[in-house]
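Notes to accompany the following structure.
The values are calculated or read from the model by the stated rules, or taken from the named source; none is laboratory data. Predicted model, so just to flag it, every value in this text is computed and none were measured. Ideal geometry is used to build each Cβ from the backbone, glycine not excepted, and the neighbour counts take in all protein chains shown. The area values use the complete protein model at the heavy-atom level, side chains included, leaving out ligands, DNA and RNA. Shrake-Rupley method; radii C 1.70, N 1.55, O 1.52, S 1.80 Å.
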Amino acid sequence: MLKALKNYRATMSSLMFLAASGTAIAQTDLVFVMDGSGSIDANDFSVQKTGIQAALANPLIIPRDGSVGVSIVQFAGSSTRTEMNYLLIDEDADVNTAQAAVGAISQLGGGTNPGDGVNTASGILAGNARDTAQQTICLSTDGTPNSGADIGTAINGAKGAAYGLDVFGVLAIEDPPFFFRADAESTYGPLTFGGGSVFVVANSIEFANVVGTVCFPDDKKLVGLEVTQSAQDLKNSVKLIKDKTTLVRAYLEPKEEDKELFATARLIGRRGGSEIGRLTPINPGGSIKIKKDVKARRGDKNATLNFQLPKSWLNGTVELEVEGVGGTLECMEAAGPSANDCKATVTFDADKKLEVKFVGVKFQKDGAGDSNPTNAQSTTLGQRMLAIAPTATLDVQKGVLDLGDIGASPRAQVNTILTRLERMRALDGCGNSCKRFYYGYITPSAAALGNGRGGLTGGRAKGIPGKVSAGRMVDGDNYGYNRHVHEIGHTMGRHHAVAANKSGPCGSGAGDAAPTFPYISGGKARLGPMNPVDDMVYGYDSLRDKILDPNTYYELMSYCKPKSRWISKFTYEGMYGAIPAASPAQTSAQMAMMGDSWLVSGLIDLDSGSATFDPILKAENQEAIVDGPTPTEYVLEVLDGNDAVLSTYNLEV
């Protein structure tokens with residue numbers, strides 16, 4: 001009956017992390033058995049000490065409540081040494097004592113005799129094991145046995161002892177060219193049991209991250225594996241872009257739903273069947289506390305184990321696999337191409353460089369509501385755009401448009417800004433073959449933009465598609481945060497998010513050419529489907545390191561407030577298709593063949609039917625831009641002194 005009770009307690013070991021919740025805490029008696037042989041160099045010996053100290057310091061691994069007793073043994077040569085006698089961790093002072101003992105450990109040197117280390121550890125447990133506690137030996141080494149007692153015999157002896165060893169796990173440190181992952185797994189793998197496993201690490205950070213879950217194993221399940229850049233569902237159906245910042249989220253839960261566990265994992269990358277690397281989580285401490293219903297907490301970035309993919313992985317087709325640490329890992333994720341294998345295979349599409357010029361619009365308004373744009377603000381707009389848009393590369397130019405003193409007028413007219421941006425674009429030599437979008441921004445403290453008809457507007461694009469747009473910059477997690485991407489989206493041909501009747505949620509509308517936005521529900525334009533759960537699209541803002549919940553963050557091309565709008569699956573993939581090829585470079589010969597152009601611009605008052613011309617400017621050796629191929633309802637006529645028409649040009653309006 002005693003052993004049956006102990007086995008039951010073993011399945012509950014991870015409940016020791018739940019002191020705050022009031023759940024019963026299981027007890028564990030643990031012996032760290034560390035390698036001090038001559039094959040361990042100074043760095044690897046330090047790896048072991050640092051990792052054990054990190055485990056001791058983490059109350060999620062070893063609480064200060066008397067539930068865990070710890071001892072430390074070093075093996076090497078023909079002897080072993082007990083570095084710390086059995087110590088029940090009941091308060092911070094006990095942790096300090098244990099850490100000091102670890103810090104004072106000196107390396108023995110000699111052969112690799114883990115069997116002797118296990119025998120010594122077994123003797124410690126025989127004299128201190130509590131009947132209600134799980135008995136665990138956790139071994140760390142960088143080599144195969146070459147001296148001392150047979151380790152298999154030692155393990156069997158510990159299992160058959162009166163106290164009964166419950167768990168044996170191994171942390172192996174790779175030591176090329178003498179000791180590789182395969183050596184560790186073939187030598188020690190058959191000996192592990194009770195949820196213990198062989199886990200191979202390369203450095204102290206990995207060791208510290210996994211020592212808790214290797215030495216305190218429990219069974220887990222992977223219920224989601226998400227590869228996201230700006231927006232993604234749990235099937236990874238949203239397009240991925242080459243070289244764009246990429247976050248992988250592993251959704252772990254305890255296999256037994258009534259538990260909360262301390263957990264970590266590792267992400268393996270492969271290309272063409274060959275391994276390209278292994279990553280540890282970027283979460284603080286490399287681990288998280290897991291509990292059931294993790295998908296319901298998807299908006300919390302810290303609810304998942306997160307991995308930042310290195311740039312060398314962000315091209316071609318890559319297979320990503322989650323490797324569990326400690327206990328078993330059941331695969332229950334929907335990521336493709338095959339579900340329930342703890343893997344996701346993704347392909348990174350070609351990057352399309354987006355050409356933009358951010359133009360700071362400067363003006364004075366009797367000392368109040370002035371706009372004084374800075375270079376840093378245009379840099380910020382570029383950073384925001386990289387985080388949300390389907391591109392990894394921006395070709396950014398910067399400029400300033402000075403409107404001067406606008407007097408007591410309460411509004412800077414957006415139509416004036418758009419016209420002046422067109423003039424700037426023309427004088428920059430950005431002609432018919434130029435693909436650069438111009439965006440004029442006024443600073444957050446500036447006066448509101450007038451819409452030209454007596455009202456106000458946050459921003460406007462001239463034409464869908466078009467070439468220029470403008471808007472007021474807004475900081476913070478507010479509606480206008482990504483206004484520049486909304487307006488530039490219009491110039492790229494993206495319409496407002498509307499239903500089939502061309503009326504959208506939150507007051508937006510669109511013309512007949514606008515497509516029906518597919519993700520309208522609950523009176524909001526969403527980032528994607530809102531059910532089933534695996535089809536829900538969440539946003540990821542790499543600039544703010546923030547996960548964006550579609551229940552509170554709405555579609556970029558909508559008017560839905562109050563938080564910063566984000567890009568939906570529909571808009572993300574549509575905008576990717578609308579990014580034009582790069583502007584062709586003009587050769588000196590082509591430039592020499594270009595003649596002079598005259599730039600004519602102005603404003604048409606639709607109410608009065610009158611037009612006001614800006615000063616006519618001469619542009620030398622530049623590509624024609626004003627004679628558009630598509631006629632509009634307005635033309636420009638050039639007359640001689642007798643009012644005879646010399647030539648006619650289609651006007652772009």
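Scanning the range 368-385 for residues that are surrounded by 20 or more Cβ atoms within 10 Å (Cβ to Cβ) and among the aliphatic types (A, V, I, L, M), which turns out farthest from the chain's Cα centre (by Cα)?
Looking at the filtered set, the residue picked out is Leu381.
Which of the residues belonging to the range 495-526 are touching a residue at least 60 places away in the same chain (Cβ under 8 Å) and within 20 Å of Gly539 (Cβ to Cβ)?
His496, Ala497 - these are the residues of the range 495-526 that are touching a residue at least 60 places away in the same chain (Cβ under 8 Å) and within 20 Å of Gly539 (Cβ to Cβ).
Identify all residues within the range 332-353 that are part of a loop (DSSP other than H, G, I, E, B) and either over 15 Å from Ala265 (Cβ atoms) or open to solvent by 60 Å² or more (accessible area, probe 1.4 Å) (or both); write none if there are none.
Met332, Ala334, Gly336, Pro337, Ser338, Ala339, Asn340, Ala350, Asp351, Lys352, Lys353
Could you check the range 464-509 and list, in sequence order, the residues that are small (Gly, Ala, Ser), part of a loop (DSSP other than H, G, I, E, B) and surrounded by fewer than 19 Cβ atoms within 10 Å (Cβ to Cβ)?
Gly476, Gly493, Ala499, Ala500
Mind listing just one residue for me: the one in the range 68-94 that is over 16 Å from Pro145 (Cβ atoms) and polar (S, T, N, Q) and, of those, surrounded by the most Cβ atoms within 10 Å (Cβ to Cβ)?
Ser71
Residue under question is Thr97, and the condition is that it be open to solvent by 50 Å² or more (accessible area, probe 1.4 Å), in contact with a strand residue (DSSP E or B) (Cβ under 9 Å, 6 or more places away or on another chain) and more than 24 Å from Ile151 (Cβ to Cβ); does it hold?
When the stated conditions are applied, Thr97 passes them.
For the range 200-250, how many residues are aromatic (Phe, Trp, Tyr) and surrounded by fewer than 23 Cβ atoms within 10 Å (Cβ to Cβ)?
Number of matching residues: 0.
Which ones in the range 356-367 are of a type outside the set (Asp, Glu), touching a residue at least 12 places away in the same chain (Cβ under 8 Å) and open to solvent by 30 Å² or more (accessible area, probe 1.4 Å)?
The answer is Lys362, Gln364, Lys365.
For residues in the range 567-583 being closer than 16 Å to Pro390 by Cβ and assigned to a loop (DSSP other than H, G, I, E, B), which is modelled with the lowest pLDDT?
If we take residues in the range 567-583 being closer than 16 Å to Pro390 by Cβ and assigned to a loop (DSSP other than H, G, I, E, B), then Ala582 is modelled with the lowest pLDDT.
Out of Ser564, Ser647, I need the residue that is of a type in the set (S, T, N, Q) and modelled with pLDDT under 75. Which one?
Just a single option satisfies the conditions, and that option is Ser647.
Which of the numbered conditions does Gly399 fail, given that it passes all the others? Conditions: (1) open to solvent by less than 30 Å² (accessible area, probe 1.4 Å); (2) in contact with an Asp or Glu (Cβ under 6 Å, 6 or more places away or on another chain); (3) part of a strand (DSSP E or B).
(2)
Yes/no per residue for (1) in contact (Cβ under 8 Å) with a residue 40 or more places away in the chain; (2) open to solvent by less than 10 Å² (accessible area, probe 1.4 Å); (3) under 22 Å from Asp243 (Cα atoms):
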{"site": "Thr280", "(1), (2), (3)": "yes, no, yes"}
{"site": "Ile288", "(1), (2), (3)": "no, no, no"}
{"site": "Lys291", "(1), (2), (3)": "no, no, no"}
{"site": "Val294", "(1), (2), (3)": "yes, yes, no"}
{"site": "Asn302", "(1), (2), (3)": "no, no, no"}
{"site": "Pro310", "(1), (2), (3)": "no, no, yes"}
{"site": "Leu320", "(1), (2), (3)": "yes, yes, yes"}
{"site": "Glu330", "(1), (2), (3)": "yes, no, no"}
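Could you please find all residues in the range 438-463 being in a loop (DSSP other than H, G, I, E, B), in contact with a helix residue (DSSP H, G or I) (Cβ under 8 Å, 6 or more places away or on another chain) and open to solvent by less than 20 Å² (accessible area, probe 1.4 Å)?
If the condition is that a residue be in a loop (DSSP other than H, G, I, E, B), in contact with a helix residue (DSSP H, G or I) (Cβ under 8 Å, 6 or more places away or on another chain) and open to solvent by less than 20 Å² (accessible area, probe 1.4 Å), then Thr443 is the only one that fits.
I'm checking my understanding of the structure. Among residues of the range 131-158 that are among the charged types (D, E, K, R) and at pLDDT below 95, which one is most open to solvent (accessible area, probe 1.4 Å)?
Asp131
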